[in-house]
């Protein structure tokens, strides 16, 4: 009995230590965004700012066209997220609840796509987007990620838990497949939709490599690309560590807001994922 009592505090202590290690860099970044230049250069480092300031954010607005880059990231991430919710749900429903020729083969292709490293597809995607004339466009940033294999797999697994009897009853009442999909199945898989929305938005918002490859026009840069370009420019970024911290804080903030809004559904989706 004493061993069991000791295990629980030890587990909590270990998890707390892991949480501190993971959260410390983010806390440092967030606090540094509000520090003055002397505090940023102080040795030993200063964790809590003595004089909170918004000067770093004002300098960021002066040095970067922040609203335009923020808008680019928002448009791309929103379109990618919405398209994944729609297309992955549709294909997941077809694979889970419809019988058609080649169903197993299609699902096998989805599983195979999960095993292909994403970086391996960058060159073929660039050649394809270039031949289609979609470089330096929102379409070129969105279309390659409009539907993902993981999203299809996730939605299919959740939709398998929807009782077939419920769908058959709707069909007997004269409902079509489109009506069943929207009015019967989709309301029952809200946790899966929330999980997919958070993961897709996070991946799209933080995506750096593809926007860097697929955009040559600075006006089309997303926020991570614009911030990285600024950080590697010695003529502008020299001595601007506070500005970089402010920019990094703004990159992370939307993801935290999306997670806060969908946290309840996301937690429910993760908790029930193993039951599907």
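The values are calculated or read from the model by the stated rules, or taken from the named source; none is laboratory data. In this text the structure is predicted, and so the values were computed from the model without any measurement. In this analysis, Cβ positions are derived from the backbone assuming ideal geometry, glycine residues included, and neighbour counts consider all displayed protein chains.
One table, with the values for the structure above:
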read-out	value
Some residue of region 138-156 being without any contact (Cβ under 8 Å) to a residue 24 or more places away in the chain and under 21 Å from residue 205 (Cβ atoms)	yes
Failed condition for residue 77, given (1) closer than 24 Å to residue 201 by Cα; (2) over 20 Å from the mean Cα position of the chain (by Cα)	(2)
Evaluation of residue 99 against (1) touching a helix residue (DSSP H, G or I) at 6+ places or on another chain (Cβ under 8 Å); (2) not in a helix (DSSP H, G or I) (one fails), failing number	(1)
Hits in region 37-64 (condition: assigned to a loop (DSSP other than H, G, I, E, B), within 14 Å of residue 246 (Cα to Cα) and out of contact with any helix residue (DSSP H, G or I) (no Cβ under 7 Å at 6 or more places or on another chain))	52, 53, 54
Single condition residue 56 does not satisfy, out of (1) at positive phi; (2) surrounded by 19 or more Cβ atoms within 10 Å (Cβ to Cβ)	(1)
Flag for residue 50 being in contact (Cβ under 8 Å) with a residue 60 or more places away in the chain, surrounded by fewer than 18 Cβ atoms within 10 Å (Cβ to Cβ) and closer than 28 Å to residue 251 by Cβ	no
Any chance residue 247 is on the phi < 0 side of the Ramachandran plot and at pLDDT 80 or above	yes
Helices (runs of 4 or more DSSP H) within region 127-237 that include 3 or more residues over 18 Å from the mean Cα position of the chain (by Cα)	149-159, 164-172, 223-231, 234-237
